[in-house]
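Since the structure comes first, as structure tokens, the remarks are kept for the end.
Throughout, read-outs are computed from the coordinates displayed, never taken from laboratory work. None of these values were measured; they are calculated from a predicted model. A quick note on method: Cβ atoms are made from the backbone with ideal geometry, for glycine too, and the neighbour counts reach across all protein chains shown.
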Amino acid sequence: MTGLLLPILLFVGAVVATFLTYRNIRRGGARFYTLEREIVLRRAILMLVAAAALYTAALGLLYFQRSQLIEASLPAETGEASDELGAPVVTTPTPLLEIFPPTAEPTSLTPQPTVTVTPTVCRAVVEGTGGNGLYLRDAPQGAELVLLSDGTLLTVLDDAPVEAGGIIWRKVRAVGGEEGWAAEDFLTIRAPCGVE
């Protein structure tokens with residue numbers, strides 16, 4: 001509270017000076033002659049300048065005290081700060097996280113699992129039969145098992161095609177589980193089967 005006493009007194013002094021200036025101008029304007037009015041107005045100007053200086057001093061002092069309070073609350077170079085009452089505030093440093101792990105050290109003596117390659121499922125779609133469909137056969141150029149319509153999704157079982165009768169055949173499995181051979185000319189094989 002003592003820090004606010006001086007700015008409040010300066011402010012009250014400025015208000016009193018402003019009021020006295022107004023009173024002197026009001027009283028002197030009607031009773032005095034022209035020369036005396038000029039003297040009253042000069043005094044009024046001086047009083048207004050003094051009031052403005054008191055207002056400015058009050059604001060400057062409040063600003064200075066506020067900046068001192070902010071500086072006191074910030075942590076100092078030694079890591080200590082103080083609160084509004086001047087009591088020291090202890091700050092603890094924030095631990096830093098490492099971005100990269102340290103060098104690898106064996107954590108256990110148990111063997112690590114081996115990496116096994118998961119086989120890639122190769123898919124094919126029946127297309128280009130003109131609506132007639134494609135027969136799934138028991139062997140290349142063998143007996144007909146099932147008629148597959150256009151758009152049927154198949155799983156290619158063997159990546160090695162077989163040529164028989166001038167036609168390239170692929171071993172496939174239908175969605176229902178039937179396995180057999182189909183002519184590659186009517187299959188659109190999707191990547192990553194080695195065929196683009």
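Observations
- Share of alpha-carbon pairs per 10 Å distance bin for segment 126-184, given as whole %: 26, 59, 15
- Amide H to amide H distances under 5 Å link R123 with V156, R190, where only residues 5 or more positions off or on other chains count and H is placed in the peptide plane.
- Karplus (6.51, -1.76, 1.60) ³J(HN,Hα), θ = phi - 60°, over segment 175-186, in Hz, Gly and Pro reported as x: 4, x, x, 6, 10, x, 10, 9, 5, 5, 5, 10
- A cut-off of 5 Å between modelled amide H atoms, ignoring neighbours fewer than 5 places along the same chain, links L187 with E127.
- Extension gain from D138 to R66, taking 0.36 nm per residue of separation minus the Cα-Cα distance: 16.5 nm
- Residues whose placed amide H lies under 5 Å from that of G133, excluding near-sequence neighbours: D150
- Radius 10 Å from Cβ of G128, net charge of other residues (Lys, Arg +1; Asp, Glu -1): -3
- The fewest-to-most ranking of V115, V162 by surrounding Cβ atoms within 10 Å reads V115, V162.
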